[in-house]
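The values are calculated or read from the model by the stated rules, or taken from the named source; none is laboratory data. Since the structure is predicted, the reported quantities are computational estimates derived from the model, not experimental observations. Here Cβ is always computed from backbone atoms with ideal geometry, including for glycine, and neighbour counts include all displayed protein chains.
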Amino acid sequence: MSLTSILAIYFLLWVMSAFLVMPFGIRTHDDEQAETVPGQVTSAPVNFRPRLIAKRATILAAALMFLYYINYVNGWVTVADLDVTRYIL
């Protein structure tokens, strides 16, 4: 597997991980009993921390990339294992 392939797969895993970890730890104005600006939705986050989200996404993407690469090297799950058409009558 080339370095560019590794980086491309890691980037895709990072973006998916960022969307996965984004809702964890977010507090809304209703939760915090915070004052809202006129026109602001009450469900808007009070404590949005993009650095924490990026850190969590980086750790999760690194773990997923490690598992993907180990599977690629050892061949535990292959494309033939994922072929569901063979189970259709």
Legend entry - Residue list for region 26-55, restricted to those being part of a helix (DSSP H, G or I) and not charged (D, E, K, R): 29, 50, 52, 53, 54
Legend entry - Residue among 17, 43 that is hydroxyl-bearing (Ser, Thr, Tyr) and modelled with pLDDT of 90 or more: 17
Inset, instruction - Within region 72-83, identify whether any single residue is modelled with pLDDT of 90 or more and among the aromatic types (Phe, Trp, Tyr), and answer yes or no. - result: yes
Legend entry - Single unsatisfied condition, residue 23 versus (1) under 14 Å from the mean Cα position of the chain (by Cα); (2) outside any loop (DSSP other than H, G, I, E, B); (3) loosely packed, with under 12 Cβ neighbours inside 10 Å: (2)
Inset, instruction - Note down all Cβ pairs under 7 Å where the first residue falls in region 40-61 and is surrounded by 14 or more Cβ atoms within 10 Å (Cβ to Cβ), the second is at pLDDT 95 or above and not hydrophobic (A, V, I, L, M, F, W, C), and they're at least six residues apart or on different chains. - result: 57/17; 60/17; 61/10; 61/17
